[in-house]
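Student: Here's a structure for you.
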């Protein structure tokens with residue numbers, strides 16, 4: 001890991017086409033701007049990790065569960081249209 | 001072996017769903033109205049999601065999608081589905097509104113997008129809002 005010191009208004013260049021700008025430093029928070037090609041996805045780490053967990057929790061639907069959902073949905077639809 | 005019906009379609013994810021390596025899935029409607037869909041990995045059929053048509057369940061849901069989406073998906077006509085986490089059934093199912101799946105049927109491409117709005121939940125109750 002490279003550790004370096006930057007001031008507000010200064011940038012870091014990563015490779016040919018990624019620029020990280022330090023926009024503002026206030027107290028213990030730093031606002032940064034990131035310019036990157038569309039093929040590079042940029043996310044807050046905690047959101048990314050939460051999404052991985054949410055996807056993993058959602059991934060195990062089996063045939064029985066899917067059939068039960070279909071049946072439950074048609075029961076609900078019938079109830080709403082008496 | 002799943003029999004392909006006309007309503008089923010293959011989807012290629014231009015980026016894998018976070019947490020998974022699989023990129024190619026079959027999207028199949030669960031009900032006739034197309035409210036719920038099954039999304040099953042072709043490479044690993046045990047990986048299977050249940051998705052819901054976003055606006056059918058959440059009429060107010062209009063997330064701001066990056067304009068950049070049309071180009072990688074190859075189409076302006078993008079449909080939003082949300083991934084459900086299903087416990088014992090629809091009554092306790094939750095929807096991931098923070099990271100919907102955008103699909104372009106005309107190009108069979110899809111991507112899961114993270115909306116930059118921390119008011120949106122990854123576990124929003126599907127019913128009883």
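Student: Please pull out the direction-averaged projected area of the range A:8-82, using the convex hull of its alpha-carbon atoms, in nm² to one decimal place.
Tutor: Result: a mean projected hull area of 9.9 nm².
Student: Shifting gears a bit: Just to be sure I understand: if I project the alpha-carbon convex hull of the protein assembly as shown onto a plane and average over all orientations, what area do I get in nm²?
Tutor: 14.7 nm²
Student: I need B:61, B:25 ordered by Cβ neighbour count within 10 Å, fewest first.
Tutor: Fewest-to-most ranking of B:61, B:25: B:61, B:25.
Student: Could you list the square roots of 5 times each eigenvalue of the Cα gyration tensor of the range B:58-129, that is, the equivalent ellipsoid semi-axes, sorted largest first and rounded to whole Å?
Tutor: Taking √(5λ) for each eigenvalue gives 24, 14, 9 Å, largest first.
Student: Let's test the formula: R0 of 22 Å, r as the Cβ-Cβ distance of residue B:43 and residue A:71. What FRET efficiency results, to the nearest 0.05?
Tutor: E(calc), rounded to 0.05, equals 0.15.
Student: Related question: Could you tell me what a quarter of the Cα convex hull surface of chain B works out to, in nm² with one decimal place?
Tutor: Result: a mean projected hull area of 8.2 nm².
Student: Order of B:9, B:122, A:1 from fewest to most other C-beta atoms within 10 Å?
Tutor: Fewest to most other Cβ atoms nearby, the residues stand as A:1, B:9, B:122.
Student: A further question follows. With angles folded into 0 to 90 degrees, how steeply does helix A:45-58 sit against the dominant principal axis of chain A? Use alpha carbons for both and round to 10.
Tutor: Taking Cα atoms only, the helix is inclined about 20 degrees.
Student: Something else about it: For each of B:88, B:41, A:74, count neighbouring Cβ atoms within 10 Å of the residue's Cβ, then give the residues from fewest to most.
Tutor: With the fewest neighbours first, B:88, B:41, A:74 line up as B:88, A:74, B:41.
Coordinate-derived values only; no laboratory data. For clarity, every value in this text was computed on a predicted model and none was experimentally measured. In this analysis, Cβ positions are derived from the backbone assuming ideal geometry, glycine residues included, and neighbour counts consider all displayed protein chains.
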